[in-house]
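Here is the structure we will look at.
Read-outs: derived from the displayed coordinates by stated rules, not from any lab. Everything quoted here is computed from the prediction, not taken from an experiment. Every residue, glycine among them, receives a Cβ derived from its backbone with ideal geometry; neighbour counts consider all protein chains shown.
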Amino acid sequence: MKEDFIRRKERWAKKMSTKERSIRPNAGRLPPGQHEVSNFPVLDLGVHPKVSLGDWQLKIHGEVEKPTTLNWNQFMELPQFRDTSDFHCVTTWSQFNMEFEGVAFYTLADLVKPTANASHIFFIGYDEYTTNTTLEACMDDDVMIAHSWNGHILTLEHGGPARMIIPKLYAWKGAKFIKEIIFRDHDELGFWENRGYSNTANPFIEDRFA
Ligand SMILES: Nc1nc2c(c(=O)[nH]1)N[C@H]1C(S)=C(S)[C@@H](COP(=O)(O)O)O[C@H]1N2
Ligand SMILES: [Mo]
């Protein structure tokens, strides 16, 4: 596990340092039971909370040495990360080559310094949506808090000003309108996880429901 973690961080550091894009073959890329789309559908609880950039804050706390609340300017001054990934919604659509830009989860973790007890993450959106993951899932080279998609500022309906992107999990694990990121020493189920969706949410093994 430790070596796997080091390899991930090396891959991430390489992405941070180069403008090079990886072009991946399509074969084996579509998870079972999914079909490919190109129109980036909107899926949420129907609430699109309007938060002005002046009022926007991202609170990061819990099992961390340095709890931090970022305002928009502080968030945008962090090292910027751009990465292309695939997006898999549990309602069976997948979209390839989504270019998101934002702040890598690694950067946030370096900033707040998770304690040795931190094992899980709990996310809260401005619409009060919640979801949860392991810390390990977030410490991957493609996880970020995104503010832009395909070269444009993220629209409100897609979760602007900023949203989580966790490409290797079904998209409900990626909180839109992100407001709080809580590091925890235990797991707690979020909105859909409490309603029968899988807690682990791995698209490649059709891990849709608990
Ligand atoms: N805050 C918030 N985040 C959310 C949701 C939501 O209702 N509220 N829906 C989730 C679900 S079920 C999916 S599939 C994706 C959809 O993202 P999109 O609307 O940008 O396609 O957002 C996820 N994140
Ligand atoms: Mo979803």
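Scan region 104-125 residue by residue and report those that are within 16 Å of ligand 2 (Cβ to nearest atom) and either of a type in the set (A, V, I, L, M, F, W, C) or in a helix (DSSP H, G or I) (or both). Reasoning before the result, please.
So the first thing to find is which residues in region 104-125 are within 16 Å of ligand 2 (Cβ to nearest atom), and the list is 123, 125.
Listed by number, the list holds a single entry, PHE123.
Can you find even one residue in region 152-173 that is out of contact with any Ser or Thr (no Cβ under 8 Å at 6 or more places or on another chain) and β-branched (Val, Ile, Thr)?
yes
Search region 190-205 for residues that are closer than 10 Å to TYR170 by Cα and pair each with any residue that is surrounded by 17 or more Cβ atoms within 10 Å (Cβ to Cβ) and hydroxyl-bearing (Ser, Thr, Tyr) when their beta-carbon atoms are under 7 Å apart and the residues are at least 6 apart or on different chains.
ALA201/TYR170; PRO203/TYR170
When you go through GLU157, GLU188, GLU128 one by one, which is the residue that is within 14 Å of ligand 1 (Cβ to nearest atom), part of a loop (DSSP other than H, G, I, E, B) and surrounded by fewer than 17 Cβ atoms within 10 Å (Cβ to Cβ)? Please lay out each step first, then the result.
On the way: GLU157 fails: part of a loop (DSSP other than H, G, I, E, B); GLU188 fails: within 14 Å of ligand 1 (Cβ to nearest atom).
Just one listed residue meets the conditions, GLU128.
What number of residues in region 96-135 are within 20 Å of LYS168 (Cβ to Cβ) and free of Cβ contacts under 8 Å to residues at least 24 places away in the same chain?
Residues meeting the conditions: 1.
Out of THR68, THR91, THR84, report the one residue that is surrounded by 17 or more Cβ atoms within 10 Å (Cβ to Cβ) and not aliphatic (A, V, I, L, M). Lay out the reasoning, then the answer.
On the way: THR68 fails: surrounded by 17 or more Cβ atoms within 10 Å (Cβ to Cβ); THR91 fails: surrounded by 17 or more Cβ atoms within 10 Å (Cβ to Cβ).
After ruling out the rest, the residue left standing is THR84.
Looking only at region 131-154, count how many residues are in a strand (DSSP E or B) and out of contact with any strand residue (DSSP E or B) (no Cβ under 7 Å at 6 or more places or on another chain).
In the first step, residues of region 131-154 are kept if they are in a strand (DSSP E or B); the result is 131-134, 144-149, 152-153.
Now restrict to residues that are out of contact with any strand residue (DSSP E or B) (no Cβ under 7 Å at 6 or more places or on another chain): 152.
The qualifying residues number 1.
Within the bounds of region 41-59, is there any residue that is out of contact with any Ser or Thr (no Cβ under 9 Å at 6 or more places or on another chain), closer than 25 Å to THR115 by Cα and not aliphatic (A, V, I, L, M)?
So far as region 41-59 goes, no, none of its residues is out of contact with any Ser or Thr (no Cβ under 9 Å at 6 or more places or on another chain), closer than 25 Å to THR115 by Cα and not aliphatic (A, V, I, L, M).
Consider PRO79 against the criteria (1) free of Cβ contacts under 8 Å to residues at least 40 places away in the same chain; (2) exposed (fewer than 15 other Cβ atoms within 10 Å of the Cβ): it satisfies all of them except one. Which criterion is unmet?
So the condition that PRO79 fails would be (1).
Mind listing whichever residues of region 160-185 are within 13 Å of the chain's Cα centre (by Cα), part of a strand (DSSP E or B) and more than 10 Å from ligand 1 (Cβ to nearest atom)?
Matches in region 160-185: GLU180, ILE181.
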